[in-house]
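Accompanying notes for the structure given below.
The values are calculated or read from the model by the stated rules, or taken from the named source; none is laboratory data. Quick caveat, the model's predicted, so the values are computed rather than measured. Don't worry about glycine lacking a Cβ; one is built from the backbone with ideal geometry, like all the others, and counts go over all protein chains shown.
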Protein chains: 4
Amino acid sequence: MTAEEIQTLICAGVPMAKDIGFTIQAAGSGYARAKVPFNQRMVRPGGTLSGPTQMALADAAMYAAILATLGKVEMAVTSNLSINFLQKPEPMDLVAEATVLKMGRRLAFCEVRLLSGEPGEELLVAHVTGSYALPGRPKA
Amino acid sequence: MTAEEIQTLICAGVPMAKDIGFTIQAAGSGYARAKVPFNQRMVRPGGTLSGPTQMALADAAMYAAILATLGKVEMAVTSNLSINFLQKPEPMDLVAEATVLKMGRRLAFCEVRLLSGEPGEELLVAHVTGSYALPGRPKA
Amino acid sequence: MTAEEIQTLICAGVPMAKDIGFTIQAAGSGYARAKVPFNQRMVRPGGTLSGPTQMALADAAMYAAILATLGKVEMAVTSNLSINFLQKPEPMDLVAEATVLKMGRRLAFCEVRLLSGEPGEELLVAHVTGSYALPGRPKA
Amino acid sequence: MTAEEIQTLICAGVPMAKDIGFTIQAAGSGYARAKVPFNQRMVRPGGTLSGPTQMALADAAMYAAILATLGKVEMAVTSNLSINFLQKPEPMDLVAEATVLKMGRRLAFCEVRLLSGEPGEELLVAHVTGSYALPGRPKA
């Protein structure tokens with residue numbers, strides 16, 4: 001699937017992804033790069049993107065990386081997501097870089113790094129790991 | 001703080017909480033019970049509340065339990081949230097029961113159970129643990 | 001399986017469980033209660049049971065709860081374990097109470113509470129969640 | 001601290017680290033590389049290093065990376081460790097590569113990758129994240 005097809009599929013399936021302005025910038029086998037624009041509506045006191053917005057971005061980026069690897073997977077569902085918030089994001093766009101660390105038959109395990117800042121000076125804002133249950137692919 | 005005061009504070013600070021219709025049903029020292037109503041806009045394919053909605057509910061419920069325990073805490077921030085999705089929620093209201101398992105000077109650790117179903121027949125939909133960094137309370 | 005059979009199986013399979021003196025006190029469908037005795041060899045500076053000892057106890061207690069629920073499961077393996085250390089354990093025996101929160105066909109999800117202290121005055125020393133991958137049980 | 005000093009400190013403090021033959025191969029600001037040799041005593045059915053051995057290695061490698069970054073830190077303690085087991089390790093030495101992703105005043109957050117296999121052909125056996133509570137360093 002192309003980045004555009006993945007974005008359309010995710011925004012159709014998860015209205016919250018659409019609400020936060022989720023877009024995919026790049027995707028290929030084993031990875032995806034996604035973004036949410038800075039938006040006053042998503043801030044929490046202190047002027048930064050809220051935790052739930054960061055979690056929604058990370059979850060959608062993982063899903064994008066899996067779709068980019070496997071093609072359209074019906075009913076792949078998140079089974080675990082663990083996020084560590086490390087820094088307040090800057091009041092600017094937030095980028096997610098998702099990597100598939102294991103693609104098993106029944107489970108995909110991913111890592112996501114949420115980055116904030118000008119290109120070349122990004123801060124690691126949050127670190128995320130997650131597992132997706134896959135609908136029993138056939139043995140290779 | 002009362003349940004009503006906590007709800008007002010959270011919805012003012014986190015627009016996403018307001019967007020999903022977050023309400024607090026009960027809160028006291030060490031716990032909070034919160035709810036999001038079922039809403040067609042939050043569903044994902046299959047007709048259930050999306051993962052990000054569940055994470056937003058759990059995060060807000062933890063924060064409510066901390067506020068109910070300590071009173072107004074400036075700048076308490078989530079440092080870790082880990083969620084395990086166990087069952088698809090029913091297409092109905094989703095309830096979060098948050099418990100403070102440790103209240104340290106610098107860190108609060110909470111557990112949240114997300115429950116779906118008619119009273120007395122609730123299913124455990126997701127299990128969440130989370131840590132909040134506290135702004136250095138004085139020693140007791 | 002009885003508590004004694006489970007203990008024998010675990011100590012045969014995981015030498016570290018035997019090394020730390022792991023014993024099962026009770027087990028039944030959906031739960032297990034296990035213990036490691038206090039032992040000077042396992043302490044870390046400060047006189048408490050080390051983190052790895054606590055993790056080994058929690059992992060074995062989860063496995064015991066699964067065996068007590070399903071009977072002998074060949075090659076069930078831990079897929080995730082997440083531990084939060086909340087208090088230093090007392091210099092005494094450490095107890096683990098493991099509960100199965102979801103028993104799916106392919107995955108079991110458990111919670112473990114590590115407790116230290118005299119009966120009736122136990123402190124919650126650590127909170128653990130974990131997933132075990134199961135070898136594809138038949139549909140019920 | 002040098003790799004050798006760190007190894008001596010860790011093995012003195014955590015007997016289990018010594019028991020599993022924990023050694024540090026390299027350490028510097030922000031990282032450490034550590035190893036446990038293959039040992040029949042640590043295997044579980046199937047012939048691979050047990051989960052508790054992997055957790056003990058990861059925990060010690062994180063601690064080593066923190067010591068290599070800060071110098072001797074009295075009473076730094078693990079507050080959270082989350083491990084995802086991805087592959088069975090080969091019946092050979094297991095290597096841990098620990099990286100400090102955030103060094104705050106009160107909390108250090110690390111990632112550890114456990115690798116098994118011949119140099120250049122390592123498999124990612126497990127992925128670990130962890131937090132260490134630090135004893136309130138002075139503001140810079």
Filtering segment D:105-120 down to residues that are touching a helix residue (DSSP H, G or I) at 6+ places or on another chain (Cβ under 9 Å) and more than 11 Å from chain A (Cβ to nearest Cβ) yields D:Val112, D:Leu114
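Taking segment D:78-100, which residues are among the aliphatic types (A, V, I, L, M) and either surrounded by fewer than 18 Cβ atoms within 10 Å (Cβ to Cβ) or more than 14 Å from the chain's Cα centre (by Cα) (or both)? It would help to see each step written out before you state the result.
Just the residues of segment D:78-100 that are among the aliphatic types (A, V, I, L, M), to begin with: D:81, D:83, D:86, D:92, D:94-96, D:98, D:100.
Scanning segment D:78-100 gives D:Leu86, D:Met92.
Can you pull out the residues in segment C:94-104 that are in contact with a Leu (Cβ under 7 Å, 6 or more places away or on another chain) and either touching a residue at least 60 places away in the same chain (Cβ under 8 Å) or farther than 21 Å from B:Val100 by Cα (or both)? If you could, list the steps in order and put the result at the bottom.
Start the filter on segment C:94-104 by keeping residues that are in contact with a Leu (Cβ under 7 Å, 6 or more places away or on another chain), which leaves C:94-97, C:101-102.
Within segment C:94-104, C:Leu94, C:Val95, C:Ala96, C:Glu97, C:Lys102 qualify.
Across segment D:121-132, what is the number of residues that are among the small types (Gly, Ala, Ser) and facing chain A (nearest Cβ under 9 Å)? Even if it seems obvious, please write down each step before you answer.
From segment D:121-132, those among the small types (Gly, Ala, Ser) are D:126, D:130-131; that's our starting set.
Then drop every residue that is not facing chain A (nearest Cβ under 9 Å), which leaves D:131.
Residues in segment D:121-132 being among the small types (Gly, Ala, Ser) and facing chain A (nearest Cβ under 9 Å): 1 in total.
Quick check on this structure: which one of C:Ala32, C:Ala17 is more than 18 Å from C:Leu115 (Cβ to Cβ) and of a type in the set (Gly, Ala, Ser)? Show your work before the answer.
On the way: C:Ala32 fails: more than 18 Å from C:Leu115 (Cβ to Cβ).
Going through C:Ala32, C:Ala17 in turn, just one is more than 18 Å from C:Leu115 (Cβ to Cβ) and of a type in the set (Gly, Ala, Ser): C:Ala17.
So, in segment C:84-118, exactly how many residues are more than 25 Å from C:Pro135 (Cβ to Cβ) and touching a strand residue (DSSP E or B) at 6+ places or on another chain (Cβ under 7 Å)? Full working, then the answer.
If we filter segment C:84-118 for residues that are more than 25 Å from C:Pro135 (Cβ to Cβ), which is where we start, we get C:84-95, C:97, C:113-118.
From what is left, the residues that are touching a strand residue (DSSP E or B) at 6+ places or on another chain (Cβ under 7 Å) are C:84-95, C:97, C:113-117.
Matching residues across segment C:84-118 total 18.
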Of the residues that make up segment B:99-111, is at least one on the phi > 0 side of the Ramachandran plot, among the small types (Gly, Ala, Ser) and at pLDDT below 95? no
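Which ones in segment B:65-81 are free of Cβ contacts under 8 Å to residues at least 60 places away in the same chain and either more than 20 Å from B:Phe22 (Cα to Cα) or more than 9 Å from every other protein chain (Cβ to nearest Cβ) (or both)? Full working, then the answer.
Of segment B:65-81, the ones free of Cβ contacts under 8 Å to residues at least 60 places away in the same chain are B:65, B:69, B:76-81.
Answer for segment B:65-81, where residues must be free of Cβ contacts under 8 Å to residues at least 60 places away in the same chain and either more than 20 Å from B:Phe22 (Cα to Cα) or more than 9 Å from every other protein chain (Cβ to nearest Cβ) (or both): B:Ala65, B:Thr69, B:Ala76, B:Ser79, B:Asn80.
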Considering A:Pro119, A:Pro91, which residue is more than 30 Å from C:Leu81 (Cβ to Cβ), without any contact (Cβ under 8 Å) to a residue 40 or more places away in the chain and not small (Gly, Ala, Ser)? A:Pro119
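Do we find that B:Ala34 is under 30 Å from A:Gly21 (Cβ atoms) and more than 9 Å from chain A (Cβ to nearest Cβ) in this structure? First the steps, then the outcome.
Numbers: under 30 Å from A:Gly21 (Cβ atoms): yes; more than 9 Å from chain A (Cβ to nearest Cβ): yes.
Yes: the conditions hold for B:Ala34.
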